[in-house]
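Chemist: Below is a structure I'd like to ask you about.
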Amino acid sequence: MKIISFSIGRPVTIAMIFIAAVVFGLVSVGRLDLKLLPEISYPTLTLQTEYPDAAPQEVESFVTRPLEEAVGVIAGLRNLRSVSKAGMSEITLEFSWDTEMDYAALDVREKTDLIELPRDARQPVLLRYDPALDPVMRLGIFGDENLVRLRYIADRTVKKELESLDGIASAKVLGGLEEEIQVVLDEKKLATYGIPISLVSNRLLEDNINQSGGKLRDRGSEFLLRTENEFKDLNDIRNTIVSRQEGRKIVLGDLGTVTRGSREREVITRINGKEAVEVAIYKEGDANTVEVAGRVRRRVEAIEKQLTGGVEMQVLFDQSRFIKTSINEVLSNALLGALLAITILYLFLRDIRSTLIIGLSIPISILTTFVMMRQLGVSLNLMSLGGLALGVGMLVDNSIVVLESISRYKEQGLGRKEATFKGASSVGMAVIASTLTSVAVFLPIIFVEGIAGQVFRDQALTVSISLLASLIVSLMLIPMISSLQGRTSQSEEALFGERNTVLKQRRRLTRGVIKAWHFQTDTVPVFTLRTGRAVGGGMQAAARFVLRPFLAAFSAVYGAIENQYVPALDGVLNRRAAFLFAMVLLFGASVWASGFLGAEL
């Protein structure tokens, strides 16, 4: 095979290729996003409309139903559900998985703009996240201030600061006391003056205004006018003129009392038994939880420096911590699996040099996978790292087959290059075929639509890429390293003689001047080879000394199994019909038992 011949003849080039792959992999792994699960983009939109002080029946009749009729004709819509509650309408739109959500959102906005809602209803808000999802972070605000002040700080300072961050969809304030001005009217006085409650409400709205008053033009200048008549304090509200009767002004203070109070409490939040205010933070659908949590923590530190009066902030819940813990656990399991794979290889091979050569396929394949993950937009999550952990044991298979074939030809007396070339070439097509069969199992998963395709796409990609990387390692790196050991035989001199002759002529012409970066196999200094062999021999002696008890136990167990294998094999071959019948029964029992297994996502 040409790729094997190239790898044997260009060791420096092959070494530079794999060193570059390792460097790029180390750079890429630090830039990959860290998530709990792959990016799951549900094709849903939520249309939220506030209708203050309206009963659920009114919300459904005047807000929910008109909006449902308008958006129900949008292309790609599969399901529509709504919830009408006091003062709030929420309509959730579910689209097919192949719908372009950006265009769908534009269609929803166009349809809702044509609907005439009640005057008191607010403009519908289109959300790209599900309000029913749990927040990614919860913050607690507590201190020496009263609950009204804490709620004010949370609403006017913390909420605004956090919602301006990239990746934050919403921040909701819970707990504390929300301040309001309470006007308590005396029914007897209203009846005495003959003033309806609606008149009082209208007068309060009309006297508390801040709106544009038009424009004035004077020659080349234009002046904007504004009407400002907002209440400054409670006395302004008490002195609001409600009516005039017989030349007398009847103000609001004559009809009742005006006090500063708080709204009825729906949520009570406590931290360490003391009442506090909570801020729940929701991220956007496509935002990275770990990055969002990092931005929030940095902004919280900046806000804490501005707080006074003994007010403090504390992170009560952070979903990114759970994500980091889960990812680190999977990563540690993958590393442990790689270490066990190399250990088992050494127990069988009893050769530290061969074990290390084969073991190189694991880190190189994984680092190469990180490079492709970066290019394909795959994050570090439970599924992608699980794919790497799943493929760790298979990454060494190709290298084992190639190295064993090379060793077999060396035992026949062939030189290093000739044995490497023939050994790798003889199993090259078989290794390629076996790897592609595994890739053919995982790779088609990326074409699956729906939530299953989104969840398992990262795992399929990481397994497939790592297996293909291990194939390249076994066909290029393993032959290159194997060809660097031993002496050159006469047969391989004939195989590679022409190129070596050209190199000798070059050295004579240059009269001892070594051209940098053009070293070939026969130009490797003898000192380097001897040093490498000495280091390898020392490592092998140390490994044998440390693992001597394990090697002895493994040899005893494996020897006993090996001694029983030949008689067992003879027994099976002598009773082929009975053995095949037993296998058929076992297969039938398995099919029958599978009917009792449950099925769930």
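The values are calculated or read from the model by the stated rules, or taken from the named source; none is laboratory data. Just so it is clear, the model here is predicted, and its values are computed rather than measured. Note: ideal-geometry Cβ built from the backbone for every residue, glycine included; neighbour counts use all protein chains shown. When the accessible area is computed, the model is the full protein with side chains, heavy atoms only, and any ligands, DNA or RNA have been set aside. Shrake-Rupley method; radii C 1.70, N 1.55, O 1.52, S 1.80 Å.
Chemist: Report, to the nearest 10°, how far helix 397-411 tilts away from the longest principal axis of the Cα atoms in the chain, using its own Cα long axis and a range of 0 to 90°.
Modeler: Relative to the chain, helix 397-411 is tipped by roughly 10 degrees.
Chemist: How far is helix 576-594 tilted, in degrees, relative to the longest principal axis of the Cα atoms in the chain, given as a value from 0 to 90 rounded to the nearest 10?
Modeler: Between helix and principal axis, roughly 10 degrees.
Chemist: How long is the gain from R156 to R299 if the chain were fully straight, where each residue apart is worth 0.36 nm and the alpha carbon distance is subtracted?
Modeler: On the way: separation 143, 0.36 × 143 = 51.48 nm, distance 1.50 nm.
Length gained between R156 and R299: 50.0 nm.
Chemist: Related question: Taking θ as phi - 60°, what are the ³J(HN,Hα) couplings along the stretch 198-203 by the Karplus curve (6.51, -1.76, 1.60), each to the nearest whole Hz, with x for Gly and Pro?
Modeler: In residue order, the calculated couplings are 4, 5, 5, 5, 5, 5 Hz.
Chemist: Note the full-extension length gain between E187 and L547 as 0.36 nm times their separation in residues minus their Cα-Cα distance, in nm to one decimal.
Modeler: Fully extending the segment from E187 to L547 adds 120.1 nm.
Chemist: Please compute the modelled spin-label separation between L580 and D98, points set 7 Å along Cα→Cβ, answer in nm with one decimal.
Modeler: Rounded to a tenth, the inter-label distance reads 4.7 nm.
Chemist: Local charge sum around D98 (other residues, Cβ-Cβ under 14 Å, Lys/Arg +1, Asp/Glu -1)?
Modeler: Computed value for this residue: -3.
Chemist: Now for a separate question. Quick one: helix 382-395 against the long Cα principal axis of the chain, what's the angle to the nearest 10°, folded into 0 to 90?
Modeler: On a 0 to 90 degree scale, this one is about 0.
Chemist: Quote the FRET efficiency, to the nearest 0.05, computed for F447 versus R128 with a Förster distance R0 of 22 Å and r equal to the Cβ-Cβ distance.
Modeler: On the way: r = 26 Å, r/R0 = 1.17.
So, using R0 = 22 Å, E works out to roughly 0.30.
Chemist: So how many Å³ per residue does the convex hull of the Cα atoms of the stretch 390-467 work out to?
Modeler: Details: hull volume 5.7 nm³, N = 78.
For the stretch 390-467, the hull spanned by Cα atoms encloses 73 Å³ per residue.
Chemist: Hey, another quick one. With the Cα gyration tensor of the stretch 162-223 giving a ≥ b ≥ c as the square roots of its eigenvalues, does the rule (a/c under 1.5 for rounded; else a/b larger than b/c for prolate; else oblate) give rounded, prolate or oblate? Intermediate results must be reported in sequence, preceding the final value.
Modeler: Details: a/c = 4.84, a/b = 1.15, b/c = 4.23.
Cα axes put the stretch 162-223 in the oblate bin.
Chemist: What accessible area per residue, rounded to a whole number of Å², is obtained for the chain using a probe radius of 1.4 Å?
Modeler: In whole numbers, the chain has 60 Å² accessible per residue.
Chemist: Give me the Å³ per residue figure for the convex hull around the C-alpha atoms of the chain.
Modeler: Values: hull volume 200.6 nm³, N = 601.
Convex hull volume per residue, Cα atoms: 334 Å³.
Chemist: Indicate the gyration tensor shape class of the stretch 206-283 (rounded, prolate or oblate), computed on the Cα atoms with a ≥ b ≥ c the square roots of the eigenvalues: a/c under 1.5 is rounded; otherwise a/b larger than b/c is prolate and the rest oblate.
Modeler: On the way: a/c = 4.57, a/b = 1.38, b/c = 3.30.
Oblate is the answer for the stretch 206-283, as a/c is 1.5 or above yet b/c matches or exceeds a/b.
Chemist: Going highest first, how would you order 435-444, 138-147, 392-401 by mean Cβ packing within 10 Å? Intermediate results must be reported in sequence, preceding the final value.
Modeler: Values: 435-444: 14.9, 138-147: 19.3, 392-401: 21.6.
Highest-to-lowest ranking by the protection proxy: 392-401, 138-147, 435-444.
Chemist: Over the stretch 1-54, with every protein chain in place, what whole percent of the accessible area is carbon and sulfur at 1.4 Å, could you tell me?
Modeler: Working: 1770 of 2750 Å².
Here it works out to 65 percent.
Chemist: Moving to a separate point now. For a Förster distance of 25 Å, can you work out the FRET efficiency between the beta-carbons of E206 and N146, rounded to the nearest 0.05?
Modeler: Numbers: r = 33 Å, r/R0 = 1.32.
According to the calculation, E is roughly 0.15.
Chemist: Which FRET efficiency value, to the nearest 0.05, is calculated for D236 and I271 with the Förster distance at 22 angstrom and r the Cβ-Cβ distance?
Modeler: For D236 and I271, the calculated efficiency is 0.05.
Chemist: Tell me the label-point distance for the pair V12, L335, using the 7 Å Cα-to-Cβ offset, in nm and rounded to one decimal.
Modeler: 3.5
Chemist: Ignoring everything except DSSP H segments at least 4 long, calculate the 222 nm mean residue ellipticity for the chain; use -39,500 (n - 2.57) per segment, divide by total residues, nearest 500. Mind dumping the intermediate values first?
Modeler: Numbers: 23 runs with 330 residues, N = 601.
Dividing the helical sum by the residues of the chain leaves -18000 deg cm²/dmol.
Chemist: Another question, then. Of the peptides 317-326, 353-362, how do they stack up when ordered by the mean number of other Cβ atoms within 10 Å, highest first?
Modeler: On the way: 317-326: 16.4, 353-362: 21.6.
Ranking the peptides 317-326, 353-362 by packing returns 353-362, 317-326.
Chemist: Could you rank the peptides 456-469, 217-230 by their average count of other C-beta atoms within 10 Å per residue, with the highest value first?
Modeler: Working: 456-469: 23.9, 217-230: 8.4.
Highest to lowest by the protection proxy: 456-469, 217-230.
Chemist: Okay, moving on. Of the listed pairs K111/K159; K85/K324; K232/K305; K35/K159; K35/K85; K35/K111, which have alpha-carbon separations greater than 27 Å here? Show your work: numbers first, answer last.
Modeler: Numbers: K111/K159 31 Å; K85/K324 38 Å; K232/K305 30 Å; K35/K159 25 Å; K35/K85 35 Å; K35/K111 35 Å.
Listed pairs above 27 Å: K111/K159; K85/K324; K232/K305; K35/K85; K35/K111.
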